[in-house]
Amino acid sequence: MCHLPNLLYRPSYPSHGVQMSDKNIRTSRSLAPTDADSEVVVQGWAQDIRNLGGISFLQLRDRYGIIQITAPKKKTDPQVMDAITSLSRESVVRVTGTAKASDQAKGGVEVLPTHFEVISAAATPLPMGVIDKVNVEADTRYDHRFMDLRKPETRAIFEIKSTVLSLIDEYLVNNGFTEVFTPKLVASGAEGGATLFELRYFDQNAYLAQSPQLYKQMLMSTGLDKVFEIGPAFRAEPSDTTRHVSEFISFDGEMAFIESQRDVQVMIEGCMQSVIGGVIERCKGQLELLGVDVALPKAPYPTLTYESAVEMVNAEGMNIPLGEDLGTEGERLLGNIMARQGSEMYWIVEYPDEAKPFYIMEKEGTPYSYSFDLDYKGQEISSGGQREHRYDNLVSRMEKKGLDPASFNFYLEAFKFGMPAHGGWGLGVERLIQKMLDLPNIREAILFPRDRIRLVP
Ligand code: AMO
């Protein structure tokens with residue numbers, strides 16, 4: 001008889017106590033009064049330990065909340081008692097015990113421990129507290145972000161962000177878009193030389209992509225008529241503001257065979273309503289934790305021309321010459337004016353052509369362009385427009401803007417052999433979240449933010 005090699009052999013790794021298949025495992029969400037008197041296993045971080053002589057209480061935190069472990073000295077194994085009384089805050093433990101109905105414990109159940117395993121003892125002192133009421137500087141929080149993320153309200157932002165991304169995906173796919181991924185290592189920038197990160201790419205120079213602009217446009221010549229991409233974008237932003245970072249998630253879309261930029265705006269508007277409405281519906285618990293009341297913006301969003309936006313802020317004390325950017329202050333003031341009119345989201349269209357990139361279509365016979373910004377509560381969250389799809393015009397626009405068409409040959413080629421009229425947008429996902437949740441700084445919506453100074457963690 002021949003023996004087959006034991007293909008099912010699995011080396012026995014130390015379990016570290018984590019056996020997800022254990023059917024007795026409960027979380028703070030699943031532990032219920034119906035578990036009373038049965039054996040359960042719970043695991044998490046030791047948030048707070050109180051030793052009161054005859055009895056010890058351990059507040060065990062997991063993803064969903066708190067489980068109270070109650071250890072009366074007389075009824076608890078001395079080894080278990082020692083482990084609890086000597087435990088440091090934030091250690092990770094796994095507790096086996098008997099669930100007991102309790103009026104004092106949150107959720108109406110507590111666990112009386114019979115077995116106690118310290119999976120990972122936390123060193124002391126902690127780099128920052130998790131439950132302490134003291135205000136910790138933002139920089140300290142970002143320096144020790146893993147610790148900051150142990151706070152349920154910090155984690156809630158990222159659960160909402162994840163929901164936002166799913167909702168975007170759902171909306172775009174339902175509207176016939178194909179999700180694409182374009183290179184992040186690129187040979188030329190599309191959004192101006194000033195914010196390019198340069199790097200060595202074997203024996204040539206390359207850049208980190210500032211946006212998928214050139215690639216999503218090239219795709220318009222292929223028959224993939226509607227594409228979207230959600231991915232990282234890199235900008236060497238020298239300014240230290242609450243809305244600029246050097247790495248953000250850009251939600252880009254591009255649509256072929258449009259009649260005008262309005263077709264693009266309608267798509268974004270529908271998407272924003274669906275995303276914000278979806279967050280209100282699906283993220284009730286997280287919004288409650290954060291203490292924010294998200295309102296669905298009034299739709300359709302009002303449309304202001306750039307010129308009228310300048311007039312509106314100038315009428316309220318600003319002095320912006322026509323042709324110049326509204327700037328942070330101008331945008332903020334316009335936000336206040338629009339809020340008084342009941343609009344949190346609004347369009348600013350037809351910016352001066354001079355201020356817009358080569359790929360935008362100019363409004364012939366005027367100094368303006370077929371471009372738009374979408375502003376939310378006084379801050380730009382998206383910009384886009386109709387593109388120049390006519391090869392000759394595109395080349396002359398590049399020249400007019402001081403760019404060398406030769407370095408964009410790979411892009412221009414797609415315009416030479418049949419390119420439909422098209423338009424699209426780029427939307428900063430973290431700016432959307434910042435405004436939706438009224439966060440003071442865009443960095444709060446990024447797990448590990450990157451800026452001029454910060455490269456770790
Ligand atoms: P733009 O440069 O306006 O346009 O960028 C689009 C959107 O991206 C977000 N954004 C940023 N978010 C955080 N930190 C930054 N440094 C940062 N820079 C930009 C903003 C902005 O509205 N290719 C065009 C879009 C298009 O026409 O399709 C583009 O990139 O929310």
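The values are calculated or read from the model by the stated rules, or taken from the named source; none is laboratory data. Predicted model only: the values in this text are computed from it and were never measured. As a convention, Cβ positions derive from the backbone with ideal geometry for all residues, glycine included, and neighbour counts pool all protein chains shown. The accessibility values were calculated without ligands, DNA or RNA, using every heavy atom of the protein model including side chains. Shrake-Rupley method; radii C 1.70, N 1.55, O 1.52, S 1.80 Å.
Numbers below:
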quantity: Some residue of segment 344-366 being touching a residue at least 40 places away in the same chain (Cβ under 8 Å) and over 21 Å from residue 261 (Cβ atoms); calculated: yes
quantity: Segment 66-97, residues that are open to solvent by less than 40 Å² (accessible area, probe 1.4 Å) and either more than 40 Å from the chain's Cα centre (by Cα) or modelled with pLDDT under 95 (or both); calculated: 71, 72, 76, 80, 81
quantity: Residue ID - farthest from residue 428 (Cα to Cα), chosen from residues in segment 235-263 that are more than 9 Å from the ligand (Cβ to nearest atom), of a type outside the set (D, E, K, R) and in contact with a strand residue (DSSP E or B) (Cβ under 8 Å, 6 or more places away or on another chain); calculated: 257
quantity: Flag if residue 369 is hydroxyl-bearing (Ser, Thr, Tyr), surrounded by fewer than 21 Cβ atoms within 10 Å (Cβ to Cβ) and either within 30 Å of residue 339 (Cα to Cα) or at pLDDT below 95 (or both); calculated: no
quantity: Answer from 211, 239 - the residue that is under 17 Å from residue 373 (Cβ atoms) and of a type in the set (S, T, N, Q); calculated: 211
quantity: Segment 178-195, residues that are under 22 Å from residue 406 (Cβ atoms), open to solvent by less than 40 Å² (accessible area, probe 1.4 Å) and either of a type in the set (A, V, I, L, M) or more than 15 Å from the ligand (Cβ to nearest atom) (or both); calculated: 186, 190
quantity: Residue count, segment 116-134 (criterion: in a loop (DSSP other than H, G, I, E, B) and open to solvent by less than 30 Å² (accessible area, probe 1.4 Å)); calculated: 4
quantity: Tally, over segment 264-299, of residues that are in contact with a strand residue (DSSP E or B) (Cβ under 9 Å, 6 or more places away or on another chain) and not polar (S, T, N, Q); calculated: 10
quantity: Among (1) in contact with a helix residue (DSSP H, G or I) (Cβ under 7 Å, 6 or more places away or on another chain); (2) open to solvent by 10 Å² or more (accessible area, probe 1.4 Å); (3) away from the ligand (no atom under 12 Å from the Cβ), the one test that residue 412 misses; calculated: (2)
quantity: Residue 207 assigned to a strand (DSSP E or B), open to solvent by 40 Å² or more (accessible area, probe 1.4 Å) and farther than 30 Å from residue 89 by Cβ; calculated: yes
quantity: Residue list for segment 148-166, restricted to those being assigned to a helix (DSSP H, G or I) and surrounded by fewer than 17 Cβ atoms within 10 Å (Cβ to Cβ); calculated: 153, 155, 158, 159, 162, 165, 166
quantity: Every pair of residues 6+ apart whose Cβ atoms lie under 9 Å, when the first sits in segment 436-450 and is open to solvent by 30 Å² or more (accessible area, probe 1.4 Å) while the second is of a type in the set (A, V, I, L, M) and part of a loop (DSSP other than H, G, I, E, B); calculated: 438/292; 438/294; 447/149; 448/456; 450/245
quantity: Odd one out for residue 259 among (1) touching a His at 6+ places or on another chain (Cβ under 9 Å); (2) more than 22 Å from residue 195 (Cα to Cα); calculated: (1)
quantity: Matching entry among 334, 304 (being hydrophobic (A, V, I, L, M, F, W, C) and in a helix (DSSP H, G or I)); calculated: 334
quantity: Long-range neighbours under 8 Å by Cβ, at least six apart or interchain, first residue of a type in the set (Ser, Thr, Tyr) within segment 118-147, second not in a loop (DSSP other than H, G, I, E, B); calculated: 120/92; 142/148; 142/443
quantity: Test: residue 402 is away from the ligand (no atom under 14 Å from the Cβ) and open to solvent by 10 Å² or more (accessible area, probe 1.4 Å); calculated: yes
quantity: Criterion: within 23 Å of residue 191 (Cβ to Cβ) and away from the ligand (no atom under 13 Å from the Cβ) - qualifying residue of 375, 353; calculated: 353
quantity: Qualifying residue in segment 260-271 (condition: closer than 26 Å to residue 223 by Cβ, outside any helix (DSSP H, G or I) and touching a residue at least 12 places away in the same chain (Cβ under 8 Å)); calculated: yes
quantity: Every residue from segment 211-250 that is open to solvent by less than 40 Å² (accessible area, probe 1.4 Å), over 27 Å from residue 405 (Cβ atoms) and of a type in the set (Gly, Ala, Ser); calculated: 246
